[in-house]
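Engineer: One structure, pasted below without further comment.
The values are calculated or read from the model by the stated rules, or taken from the named source; none is laboratory data. Computed from a predicted structure; not experimentally measured. With ideal geometry, Cβ positions are generated from the backbone for all residues, glycine too; neighbour counts draw on all protein chains shown.
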């Protein structure tokens, strides 16, 4: 697997991204509230652009949002060029005034991290709050930290192993008991 | 001397190719020939629905192409390609030479053999001109009555746009179900039921025998004896590839131009991309035409990189049909119609929620989804399913998990490590670049409101 290489923001400036530390996440959902508040002006977790994955069965929690990937499937798929790169952060951002609401980006994104704003029917995704993400500010346990560099995807593999190991071994138990 | 890259076509395959050539090669000469202004066909329904102006569907203008140093000949057509002399002949009589040629002429609607198909007010809905003509024909009408002939993907995209305008709609489909090349019979039955509940007339298993003029309005006569009055009739009975310009040229074709994983035809300097290209299929042994936006973009970028001297290989396109059918989101992927596959299905006929997973051993090879288009969870599940299919990840024991928990795609996705595989991959070997052309000059940028400023200032260091 290739290491995560980030898009340069502006000239030779490292792109910002969120690094997640799943071991520190307590599943408190503060990040979802903060995100929906600063992005939409409502305290509505369903409209948050960061989603905490709660796997209670194995006491495993981790916030999950756009990884600002290199391929930017959302951006390349958009038929009206409504998704671009923010020069300040290097992250991919949706222009609400350009988006026609075709939903193609939400489906083209193989991470499932592009959403639709219900009342405008336009796409929306993490824009890193322009460089100072509210989710990282609010996280009481520093499970979400802003980094600059090339390690943003690294946490993902370890967490996947944990979910895979814990969940499937638990499930094997139930199956053999049946 | 700089190579001359000639591109025929004005859709997403063509524009992505020229942008990619320019990305890799600042000096290459590029000429673009297309009969309509460069635009995105996928955006036309939003113009038809009155959501955006025509210009918003355009993907470039004079200033943009000038900035990219691309010679553009809009409103012209290529009549003939000569792969031996490396030249093309334009309908105006000019001959142009090329070092590399990209054929991205797409497809066009087939004209069904129905008496009355040439009446005014009976037309396909495919191009900029067609869209304008529907808008003209319906201008001033309060509630135009429309009959759509053909309940395929394109017909339904048009249907959705007209539904938003609250027009009076009927659909006629010769086959026994709607969306026959996108959904299985059970999912399609749910869609038909939903559309009926939304006031759309559904007539499946019957065909149009004649369209009659009825004092300016039309009367659409069906085989089953029904006759439907209409102000306009949209013919959406299928599309065919625009291959006329290479007739007898020696370029190898099947349904489209056969291309390898670098998008080259049997002539190594002649490339094809988009609807006209029959290229590698991620889930098939045979080359296939996947006439969709995402494949056109991928094809264009791969062709462009290779035309600029790179060696970029395309792993193959993933068949992916997605349509918002008047508020019901429908999607199918990969080998959704594979009779050999092992199948898991959930069918909630009351809420029109349908999920079908198709498996070859522990590998997901296809899927069908329907559900409320406003259901955010379903849309992200669809994205994750696309990720699983695209990475061809074996799901191991997660397969049984999905059998028991078909609405918890997320855990299987994370546990199987799909995102990890995707994070470092790129199509052309480097990060995708944003397009530089934006309607009205509105460049996307992050915007944060006063709530954000207040919020982040509350945290003490």
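Engineer: Answer with yes or no whether residue A:135 is under 26 Å from residue B:415 (Cα atoms), at pLDDT 90 or above and over 14 Å from the mean Cα position of the chain (by Cα).
Structural biologist: The answer is no for residue A:135.
Engineer: Moving on. Would you point out which residue out of A:74, A:69 is closer than 28 Å to residue B:432 by Cα, surrounded by 18 or more Cβ atoms within 10 Å (Cβ to Cβ) and either more than 10 Å from chain B (Cβ to nearest Cβ) or touching a strand residue (DSSP E or B) at 6+ places or on another chain (Cβ under 6 Å) (or both)?
Structural biologist: The conditions single out A:74.
Engineer: Please work out which one of (1) under 23 Å from the mean Cα position of the chain (by Cα); (2) assigned to a loop (DSSP other than H, G, I, E, B) is the condition residue B:140 fails and give its number.
Structural biologist: Failing condition for residue B:140: (1).
Engineer: Does the stretch A:77-93 hold any residues that are at the interface with chain B (Cβ under 7 Å from one of its Cβ atoms), part of a loop (DSSP other than H, G, I, E, B) and modelled with pLDDT of 95 or more, and which are they?
Structural biologist: A:79, A:80, A:81, A:82
Engineer: From B:298, B:311, B:324, which residue is modelled with pLDDT of 95 or more and within 12 Å of chain A (Cβ to nearest Cβ)?
Structural biologist: Every option except B:298 fails the conditions.
Engineer: Kindly provide the set of residues from the stretch B:95-122 that are buried (at least 17 other Cβ atoms within 10 Å of the Cβ) and within 20 Å of the chain's Cα centre (by Cα), ordered by number.
Structural biologist: The answer is B:102, B:103, B:104, B:105, B:106, B:107, B:109.
Engineer: Quick check on the stretch A:117-128. Is at least one of its residues within 28 Å of residue B:429 (Cα to Cα), under 15 Å from the mean Cα position of the chain (by Cα) and at the interface with chain B (Cβ under 8 Å from one of its Cβ atoms)?
Structural biologist: Yes, the stretch A:117-128 has at least one match.
Engineer: Under 17 Å from residue B:301 (Cβ atoms), surrounded by fewer than 24 Cβ atoms within 10 Å (Cβ to Cβ) and either at pLDDT 90 or above or facing chain B (nearest Cβ under 7 Å) (or both): is that true of residue A:96 in this structure?
Structural biologist: no
Engineer: May I pose another question? Taking the options B:146, B:171, name whichever one is buried (at least 22 other Cβ atoms within 10 Å of the Cβ) and either more than 30 Å from residue B:51 (Cα to Cα) or without any contact (Cβ under 8 Å) to a residue 60 or more places away in the chain (or both).
Structural biologist: B:171
Engineer: From B:248, B:274, grab the single residue that is under 19 Å from the mean Cα position of the chain (by Cα) and on the phi > 0 side of the Ramachandran plot.
Structural biologist: When all the criteria are applied, what remains is B:274.
Engineer: A further question follows. Give the residues of the stretch B:434-453 that are at pLDDT below 85 and loosely packed, with under 14 Cβ neighbours inside 10 Å, sorted by residue number.
Structural biologist: Passing the criteria: only B:450.
Engineer: Look at the stretch B:1-52 and say how many of its residues are under 22 Å from residue B:298 (Cβ atoms) and surrounded by fewer than 20 Cβ atoms within 10 Å (Cβ to Cβ).
Structural biologist: Going through the stretch B:1-52 one residue at a time, the tally reaches 3.
Engineer: It is to be established whether one or more residues within the stretch B:438-456 are facing chain A (nearest Cβ under 7 Å), touching a residue at least 24 places away in the same chain (Cβ under 8 Å) and either out of contact with any helix residue (DSSP H, G or I) (no Cβ under 9 Å at 6 or more places or on another chain) or more than 23 Å from residue A:50 (Cα to Cα) (or both).
Structural biologist: Yes: one or more hits.
Engineer: Let me ask something else about it. Is one or more of the residues making up the stretch B:154-175 closer than 25 Å to residue B:244 by Cα, at pLDDT below 95 and either in the same structural domain as residue B:45 (by TED's automatic domain parsing) or within 18 Å of the chain's Cα centre (by Cα) (or both)?
Structural biologist: yes
Engineer: Which count do you get for residues in the stretch A:33-66 that are in a helix (DSSP H, G or I), touching a helix residue (DSSP H, G or I) at 6+ places or on another chain (Cβ under 7 Å) and either surrounded by fewer than 22 Cβ atoms within 10 Å (Cβ to Cβ) or free of Cβ contacts under 8 Å to residues at least 24 places away in the same chain (or both)?
Structural biologist: Of the residues in the stretch A:33-66, 9 are in a helix (DSSP H, G or I), touching a helix residue (DSSP H, G or I) at 6+ places or on another chain (Cβ under 7 Å) and either surrounded by fewer than 22 Cβ atoms within 10 Å (Cβ to Cβ) or free of Cβ contacts under 8 Å to residues at least 24 places away in the same chain (or both).
Engineer: Is one or more of the residues making up the stretch B:417-432 more than 8 Å from every other protein chain (Cβ to nearest Cβ) and in a strand (DSSP E or B)?
Structural biologist: No, because not a single residue in the stretch B:417-432 is more than 8 Å from every other protein chain (Cβ to nearest Cβ) and in a strand (DSSP E or B).
Engineer: Does the stretch B:358-375 hold any residues that are within 12 Å of chain A (Cβ to nearest Cβ) and surrounded by fewer than 19 Cβ atoms within 10 Å (Cβ to Cβ), and which are they?
Structural biologist: Scanning the stretch B:358-375 gives B:372, B:374, B:375.
Engineer: Against the conditions (1) more than 22 Å from residue A:28 (Cα to Cα); (2) touching a helix residue (DSSP H, G or I) at 6+ places or on another chain (Cβ under 6 Å); (3) part of a helix (DSSP H, G or I), where does residue A:161 fall short? Just the number, please.
Structural biologist: (2)
Engineer: Further question: Quick check on residue B:390: is it more than 27 Å from residue B:324 (Cα to Cα), assigned to a helix (DSSP H, G or I) and within 7 Å of another protein chain (Cβ to nearest Cβ)?
Structural biologist: no
Engineer: Considering only residues that are within 18 Å of the chain's Cα centre (by Cα) and farther than 18 Å from residue B:354 by Cβ, which ones fall in the stretch B:320-342?
Structural biologist: Passing the criteria: none in range.
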